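Taking it in order: structure first as structure tokens, then the write-up.
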Amino acid sequence: MAEIIVQDKLFHLRNARMSYIFRLTGDGLPAHIYWGARLESLMSPLDRLWFESGEENFCHNTMELEKLPQEYPTYGHGDLRRGALELTAADGSTAVDLVYRGHAVTAEKPALPGLPFSFDREGASRTLSIDYADELLGLKVTLLYTVFDDCDIIARSAKVTNKSGKAVFLDRVMSASVDLYDMDWEMITLSGDWARERAIDRRPLVPGFQGVDSARGASSAQNNPFMALVRPGTDEFKGEAMGFALMYSGNHTEMAEVGLKQMARVQIGLNDTHFRWMLEPGESFTTPEALLAWSDQGLNGMSAQYHRLVREHIIRGKYAHAQRPFLLNNWEATTFNFDEEKVLKIAARGKEAGLEMFVLDDGWFGHRDDDHSSLGDWQVNLKKLPHGMDGLADRVHAMGLKFGLWFEPEMVSPDSDLYRAHPDWCLHQPGRTRTESRWQLTLDMSRADVCEYVENAVASILESARIDYVKWDMNRDMAPVGSAMLPPERQAETAHRYILGLYSVLEHLTARFPDILFESCASGGNRFDLGMMYYMPQAWCSDNTDAGSRVMIEYGTSLVFPQSTMGAHVSHAPNWQTGRMSPLRTRVNVAMWGTFGYEMDLAELDDNQFAETQEDIAYVKAHRDLLLYGDSIRLKSPYAGPTAAWMVVSPDRSEAIVTAVRMTAQPNMLRERLCLKGLDPEKIYRVEELDAELTGQELMRFGLPLAFESGDYRSLRFTLISHK
Ligand code: DGJ
């Protein structure tokens with residue numbers, strides 16, 4: 001049960017497994033006390049024994065605050081580390097002294113205006129809303145904390161309200177700040193680039209600043225809005241791990257500052273680079289939500305918290321717990337070179353193989369025969385599709401397939417009617433070059449008129465044909481960022497206002513078309529974040545569909561995101577991005593760890609391969625509930641050795657599918673044993689591929705033999721079913 005106990009200025013948030021505690025100092029400052037395994041006691045006096053400095057010193061008028069672990073520090077007194085809130089008042093002053101003013105505990109998780117937020121069933125979680133004030137500035141700061149019952153996560157956000165008669169400029173407003181008592185932690189981040197998204201990176205904390213961020217306009221493939229701190233020695237199964245993930249799709253920062261006394265200050269929130277928000281009298285500013293996960297069961301333990309959070313508290317709508325259609329996308333088969341006849345042939349072969357939906361990718365609108373034109377002109381190209389979108393959609397449906405369509409609504413090509421009519425509708429700064437990327441500019445989604453255009457343009461196509469799925473793409477970073485609609489003093493608000501505009505369009509469209517499955521995409525996985533998942537239950541992981549690369553990408557992605565969010569497709573070999581050959585079965589086994597589909601013309605397969613594909617699709621279909629919604633466990637990391645392995649177990653532990661990929665062949669070695677996890681030791685499992693029956697205990701202690709064929713990128717899968 002989630003509960004929040006408030007006693008003698010001490011706030012104890014806990015569920016059955018975890019506690020998070022802070023208290024107010026004599027001066028009304030929130031001091032962080034504890035975050036870890038559940039404490040039965042309230043612990044109120046204990047932290048005082050720990051400090052060298054007397055309680056009377058923890059107040060705004062001494063230099064001792066740097067020794068105090070805090071909850072939401074500010075600049076301007078004895079703490080000279082980075083503040084969670086930094087601002088410039090009308091008179092140019094920058095100090096902020098927050099003092100406790102009151103609090104409330106509710107059983108209802110409040111909405112965050114204009115932002116995605118985690119939600120809960122009424123009564124299942126508890127939320128603490130705690131108010132602080134700076135009387136001199138006339139500022140109110142409300143911190144929200146939610147503790148969930150079913151996952152070991154604290155959701156945090158902050159709201160700043162200007163109650164004075166003058167505007168203030170917010171220079172930095174973090175979603176959460178936590179001061180840890182020591183620096184004996186290692187930082188894990190998910191970094192990369194296009195086609196190499198979410199690679200796991202791990203290094204020890206050192207004195208000074210460290211962390212990741214994005215100033216690219218998107219949450220980015222460079223650095224996912226996530227960071228974990230783990231104790232040295234923590235691995236997938238044991239050790240303490242704390243996760244910090246931001247539910248946001250734009251510029252962000254996740255950082256640790258090891259300061260005096262070697263305490264580690266952790267902060268997560270909007271990136272303050274190129275950010276400044278003018279808060280007028282009476283206005284409020286709400287930060288995105290930060291989701292702080294805790295586990296003492298290693299990284300898999302932390303991931304399990306996030307997976308549950310995403311499935312139960314973030315993804316909404318018809319597809320939240322439903323099966324997703326196995327899709328066939330034409331992008332890698334045709335790029336822009338298609339017409340109706342060609343795509344119908346591809347779709348028909350997909351249907352024959354057992355697939356369930358055909359998705360038409362880029363190139364169906366304006367005169368877009370390559371990536372140089374037409375973004376923004378969302379009218380069907382009748383030369384390619386003579387029967388219109390409705391004609392194509394009807395024909396695809398007549399085959400017994402669903403029909404999906406690609407859009408890139410946030411963009412405009414300089415060669416487009418839209419740009420010629422509205423050259424000021426893109427992000428730009430006066431007199432500066434409009435930097436193009438992939439021959440396109442970014443529409444200024446901070447503007448209400450642009451958002452209205454985008455929403456109507458997409459809606460009119462969605463209303464014109466029977467469309468079951470939308471792939472919402474976004475293919476460039478933003479630069480230079482500026483808006484023709486905002487006054488000079490608000491230019492640094494553009495990037496955040498863009499994301500708010502995007503969220504409002506997504507909110508409207510997903511509400512207006514509740515039966516459509518939306519998949520987000522951004523040059524592959526450039527915007528793979530919890531914010532997008534609030535609107536779209538799945539996201540394209542990467543434009544790199546090579547099985548070897550995908551093992552790494554999916555492995556990293558799974559640190560935070562469950563397999564039901566990871567768009568993963570089988571594609572052609574040799575692979576487009578890497579030139580690598582990998583067996584068809586391996587490509588299937590790797591794509592099976594996500595929302596399954598194909599990204600190729602199946603007509604290129606010979607008869608044997610096609611028959612194998614039919615078998616594979618039938619296999620994935622037969623196990624689709626387990627694969628999509630089972631508990632995913634990482635067993636062997638491709639970052640650590642030649643073999644990668646993971647498994648998915650049903651919640652009742654009666655079924656599991658295990659996948660192992662040997663990345664590079666190892667000659668003359670003993671057969672590896674793969675010890676499984678998460679099974680019921682008492683149960684007897686039939687391992688279909690081995691035609692053997694083994695107990696859960698044997699499978700977890702002795703393991704499965706990995707008898708790979710020789711060659712690189714060979715894989716094995718095992719299907720475990722227990723009837724006893
Ligand atoms: C980038 C996406 O990641 C690809 O899957 C494809 O949709 C292209 N854009 C189309 O331009």
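The values are calculated or read from the model by the stated rules, or taken from the named source; none is laboratory data. It should be emphasised that the depicted structure is a prediction, and the values quoted were computed from it without experimental measurement. Glycine also receives a Cβ, built like all others from the backbone with ideal geometry; neighbour counts cover every protein chain displayed. The area values use the complete protein model at the heavy-atom level, side chains included, leaving out ligands, DNA and RNA. Shrake-Rupley method; radii C 1.70, N 1.55, O 1.52, S 1.80 Å.
Compute the accessible area per residue over the chain, keeping the other protein chains in place, probe 1.4 Å, unit Å². Walk me through the numbers before you get to the answer.
Working: 25520 Å² over 724 residues.
Per residue, the chain has an accessible area of 35 Å².
Considering only protein heavy atoms and a probe of 1.4 Å, how much of the accessible area of segment 357-399 is carbon and sulfur, as a whole percent? Write down the numbers at each step before the final one.
Working: 780 of 1500 Å².
Heavy-atom surface of segment 357-399 belonging to carbon and sulfur, 1.4 Å probe: 52 percent.
Working out 0.36 nm times the residue gap between Asp235 and Glu615, then minus their Cα-Cα distance, what length gain in nm do you get to one decimal? Write down the numbers at each step before the final one.
Details: separation 380, 0.36 × 380 = 136.80 nm, distance 3.61 nm.
Here the answer is 133.2 nm.
Relative contact order for segment 430-563 using alpha-carbon pairs under 8 Å, separation at least 6, rounded to a whole percent? Write out the running numbers ahead of the final one.
Working: 138 pairs, mean separation 32.4, N = 134.
For segment 430-563, the relative contact order is 24 percent.
To the nearest 0.05, how large is the calculated FRET efficiency for Phe209 and Arg512 if R₀ is 56 Å and r is the Cβ-Cβ distance?
Working: r = 44 Å, r/R0 = 0.79.
Between Phe209 and Arg512 the formula returns 0.80.
Any chance you could run the full-extension gain for Met581 through Lys163? It's 0.36 nm times the residue separation minus the Cα-Cα distance, nm to one decimal.
Numbers: separation 418, 0.36 × 418 = 150.48 nm, distance 6.33 nm.
Here the answer is 144.2 nm.
Tell me whether segment 60-217 comes out rounded, prolate or oblate; compute the Cα gyration tensor, take square roots of the eigenvalues as a ≥ b ≥ c, and use a/c under 1.5 as the rounded threshold.
On the way: a/c = 1.57, a/b = 1.16, b/c = 1.36.
Because a/c hits 1.5 or more and a/b fails to exceed b/c, segment 60-217 counts as oblate.
Between Ser460 and Ala322, what is the spin-label point distance in nm, taking each point 7 Å from the Cα along the Cα→C-beta axis?
2.8
Using only alpha carbon positions, build the gyration tensor of the chain, then give the equivalent ellipsoid semi-axes as the square roots of 5 times its eigenvalues, largest first, whole angstrom. Intermediate values should be presented prior to the final figure.
Numbers: eigenvalues 370, 239, 83 Å².
Value: 43, 35, 20 Å, ordered largest first.
Compare the peptides 619-625, 302-308 by average per-residue count of other Cβ atoms within 10 angstrom and give them in order, highest first. Intermediate values should be presented prior to the final figure.
Working: 619-625: 15.9, 302-308: 23.6.
Order by mean packing, descending: 302-308, 619-625.
Summing Lys, Arg as +1 and Asp, Glu as -1, what charge do residues with Cβ under 12 Å from the Cβ of Val206 carry, Val206 excluded? All intermediate terms of the calculation are to be shown ahead of the outcome.
Numbers: positive: Arg203; negative: Asp184, Glu186, Glu257.
So the surrounding residues net to -2.
Using only alpha carbon pairs under 8 Å that are at least six residues apart, calculate the relative contact order of the chain and give it in whole percent.
10
Which value, in debye to the nearest 20, describes the size of the charge dipole of segment 641-724 about its Cα centre when Lys and Arg Cβ atoms bear +1, Asp and Glu Cβ atoms bear -1, and nothing else is charged? Intermediate results must be reported in sequence, preceding the final value.
Working: 11 positive and 12 negative charges, 43 e Å.
That gives a dipole near 200 debye.
Do any of Lys140/Lys261; Lys345/Lys384; Lys351/Lys402; Lys109/Lys166; Lys238/Lys621; Lys318/Lys351 go past 22 Å between their Cα atoms, and which? Kindly include the intermediate steps, with their values, before the conclusion.
Details: Lys140/Lys261 31 Å; Lys345/Lys384 14 Å; Lys351/Lys402 10 Å; Lys109/Lys166 32 Å; Lys238/Lys621 34 Å; Lys318/Lys351 24 Å.
Listed pairs above 22 Å: Lys140/Lys261; Lys109/Lys166; Lys238/Lys621; Lys318/Lys351.
Express in Å², to the nearest 10, the accessible area of Met485 obtained by rolling a 1.4 Å probe over the protein heavy atoms while all chains stay in place.
Roughly 120 Å² of Met485 is accessible to a 1.4 Å probe.
Do the sum for the chain: with -39,500 (n - 2.57) for every DSSP H run of n ≥ 4, divided by all residues, what is the mean residue ellipticity at 222 nm, to the nearest 500 deg cm²/dmol?
Working: 14 runs with 140 residues, N = 724.
My calculation for the chain gives -5500 deg cm²/dmol from helical runs alone.
For labels at Ser504 and Glu689 in the simple 7 Å Cα→Cβ model, what's the distance in nm?
Once both label points are built, they end up 5.1 nm from each other.
Please tell me the relative contact order of segment 349-449 in percent, rounded to the nearest whole number, where contacts are Cα pairs under 8 Å and at least six residues apart. Please report the intermediate quantities before stating the final value.
Details: 138 pairs, mean separation 29.6, N = 101.
Across segment 349-449, relative contact order equals 29 percent.
Grab the beta carbon distance between Ser710 and Asp652, set R0 = 35 Å, and tell me the FRET efficiency rounded to 0.05. Present the calculation step by step, with values, prior to reporting the outcome.
Working: r = 38 Å, r/R0 = 1.08.
That gives a FRET efficiency of 0.40.
What spacing in nm lies between the two simple spin-label points modelled at Glu3 and Ala16, each 7 Å away from Cα in the Cβ direction?
That separation, rounded to one decimal, is 1.4 nm.
Which value results when the Cα radius of gyration for segment 579-624 is divided by 2.2 N^0.38 Å? If you can, show how the numbers build up before the last one.
Working: Rg = 10.6 Å, N = 46, 2.2 N^0.38 = 9.4 Å.
Normalised Rg, Cα atoms only: 1.13.
Please figure out what share of the DSSP beta bridges in segment 213-349 is antiparallel and state it in percent, rounded to the nearest 5.
Details: 20 of 21 bridges.
That works out to approximately 95 percent antiparallel.
Return the percentage of antiparallel bridges among DSSP beta bridges fully within the chain, rounded to the nearest 5 %.
Restricted to the chain, the bridges split so that about 80 percent are antiparallel.
Suppose R0 equals 35 Å; then what is the FRET efficiency for Gln697 and Asp149 from their Cβ-Cβ distance, rounded to the nearest 0.05?
Rounded to the nearest 0.05, the efficiency is 0.70.
Which residues does the label zone of Asp201 cover in segment 211-229, counting backbone N under 15 Å from a point 7 Å along Cα→Cβ?
211-216, 220-229
Shape of segment 296-451 from its Cα gyration tensor (a ≥ b ≥ c, root eigenvalues): rounded if a/c is under 1.5, otherwise prolate when a/b > b/c, or oblate? Intermediate values should be presented prior to the final figure.
On the way: a/c = 2.32, a/b = 1.11, b/c = 2.08.
Here segment 296-451 falls in the oblate category.
In whole angstrom, note down how far apart the Cα centers of segment 166-244 and segment 612-651 are.
With segment 166-244 and segment 612-651 each reduced to a Cα centre, they are spaced 28 Å.
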